[in-house]
Amino acid sequence: MTGYKKWAPLIAFILLGSALTYGLAKPDTTNIRSKMIGASVPSFTLPPATAGLPGLSSSELATGKPHLLNIFASWCVPCVAEAPQLKAIADAGVPVVGIAVRDRPEALARFLARNGNPFRAIGADDASQVQMAMGSSGVPESFVIDGKGRIVSQVIGPINPQDVAELVAAVKAAR
Amino acid sequence: MRWLFLALALVAAPLLADSDLPPAPLADTQLSDPKQEAQAQALMETIRCLVCQSQSIADSNAELAGDMRAMVRERIAAGERPEAIRAWLIRRYGSWVTYDPPLNRLTWLLWAAPLLFVVVGLLVARSSFRRRRA
């Protein structure tokens, strides 16, 4: 047992220890991306979330036109920051539809009155069931849905002003 | 304007904003059938909360965790098998969501490592004992 061979087990141990320590110290990913990207929107039917706007069902997302599906709530602070961007996206001709998570009709009406309403329809997801079925883990999140009702991509967190043009192009490309 | 967004983002990121809706009926209510409730409980303890990411949904107070518990109990009560519910969640959130990771191409080393270490240890021991005897 001379030379390298003697130290091999110790070196192996130190390497393993370093790898494990690195794995523990490295910050964990906090964004959980949906694994449903590429799959069809799970089938759902949600009642209207507030007066004056229709509810939302999955069949309405497969009518040949792409959509931007925004998962949001009136009690969600970043959703307020995102509102002007959603309006800009809707103004660019993209049909924007919403799913309101755990929301109340009156609270949602106040939210829309204050922040503008870019939505053509909003479904009420009172127990986060459709949110879970989409693989979404928080609000706000947005999904690009193509004309066949397939999930093309996901935006986690609020849409920033610099993302608007890209997102509009992404929805329009998702025939 | 940019600073406003930055400031908002700073405030918003760690905020577990809560709705004022009450928890879903089955979020904190046990199923009447003790056998089904035990199944649901066992599953909930091995499903990771998506909001407070180091807790199981059984331990978490997050609203989404409550909705996930309600979903688990509803499906168990409807006769669905716990492993089918776990598979449904893995389909949506990846293996990340389960504390009981499936054995696959990525994870086999977790189970094989102890055996590999024993084998390496035996080899090292054998060679060093042989040396001493000689």
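Every number here is computed from the coordinates shown, using simple stated rules; none is lab data. This is a predicted model, so every value here is computed, not measured. We place every Cβ from the backbone using ideal geometry, glycine too, and count neighbours over all the protein chains shown.
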Exercise. Given the conditions (1) more than 23 Å from residue B:49 (Cβ to Cβ); (2) assigned to a strand (DSSP E or B), which single one is not true for residue A:71?
Worked result: (1)
Seminar exercise, completed: Taking the stretch A:117-175 and keeping residues more than 27 Å from residue A:52 (Cβ to Cβ) and acidic (Asp, Glu) leaves A:146, A:163, A:166
Problem set entry | Lone unmet requirement of (1) surrounded by fewer than 22 Cβ atoms within 10 Å (Cβ to Cβ); (2) within 16 Å of the chain's Cα centre (by Cα) for residue A:134 | (1)
Seminar exercise, completed: Among helices (runs of 4 or more DSSP H) entirely within the stretch A:82-175, at least 1 residues that are away from chain B (no Cβ under 14 Å) occur in A:105-115, A:164-173
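Kindly indicate the residue of the stretch B:60-79 that is within 17 Å of residue A:127 (Cβ to Cβ) and more than 14 Å from chain A (Cβ to nearest Cβ) and also nearest to the chain's Cα centre (by Cα) among those meeting that condition.
The qualifying residue nearest to the chain's Cα centre (by Cα) is B:61.
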Exercise. With (1) in contact (Cβ under 8 Å) with a residue 60 or more places away in the chain; (2) surrounded by fewer than 19 Cβ atoms within 10 Å (Cβ to Cβ); (3) at positive phi as the list, and residue A:147 as the residue in question, which single condition is left unmet?
Worked result: (3)
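Being part of a loop (DSSP other than H, G, I, E, B), exposed (fewer than 12 other Cβ atoms within 10 Å of the Cβ) and either within 12 Å of another protein chain (Cβ to nearest Cβ) or of a type in the set (D, E, K, R) (or both) is the filter here; which residues of the stretch A:1-37 pass it?
A:1, A:2, A:26, A:27, A:28, A:29, A:30, A:31 - these are the residues of the stretch A:1-37 that are part of a loop (DSSP other than H, G, I, E, B), exposed (fewer than 12 other Cβ atoms within 10 Å of the Cβ) and either within 12 Å of another protein chain (Cβ to nearest Cβ) or of a type in the set (D, E, K, R) (or both).
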For this session: Pick out the one residue from A:50, A:63 that is more than 12 Å from every other protein chain (Cβ to nearest Cβ), touching a helix residue (DSSP H, G or I) at 6+ places or on another chain (Cβ under 8 Å) and either in contact (Cβ under 8 Å) with a residue 12 or more places away in the chain or buried (at least 17 other Cβ atoms within 10 Å of the Cβ) (or both).
Result: A:50
For this session: Taking the options B:90, B:85, B:57, name whichever one is within 14 Å of chain A (Cβ to nearest Cβ), touching a Lys or Arg at 6+ places or on another chain (Cβ under 6 Å) and free of Cβ contacts under 8 Å to residues at least 24 places away in the same chain.
Result: B:57
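I'd like to know if the stretch B:110-119 contains one or more residues that are in contact with a Pro (Cβ under 6 Å, 6 or more places away or on another chain), among the small types (Gly, Ala, Ser) and part of a helix (DSSP H, G or I).
no
Check B:75, B:81, B:105, B:86 and return the single one that is charged (D, E, K, R), surrounded by 13 or more Cβ atoms within 10 Å (Cβ to Cβ) and more than 24 Å from residue B:22 (Cα to Cα).
Details: B:75 fails: more than 24 Å from residue B:22 (Cα to Cα); B:81 fails: surrounded by 13 or more Cβ atoms within 10 Å (Cβ to Cβ); B:105 fails: surrounded by 13 or more Cβ atoms within 10 Å (Cβ to Cβ).
Result of the check over B:75, B:81, B:105, B:86: B:86.
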For this session: Would you check if there is a residue in the stretch A:39-47 being in contact (Cβ under 8 Å) with a residue 24 or more places away in the chain and either in a helix (DSSP H, G or I) or facing chain B (nearest Cβ under 10 Å) (or both)?
Result: yes
For this session: Please give the number of the condition residue A:59 fails out of (1) assigned to a helix (DSSP H, G or I); (2) closer than 30 Å to residue B:25 by Cβ; (3) within 17 Å of the chain's Cα centre (by Cα).
Result: (3)
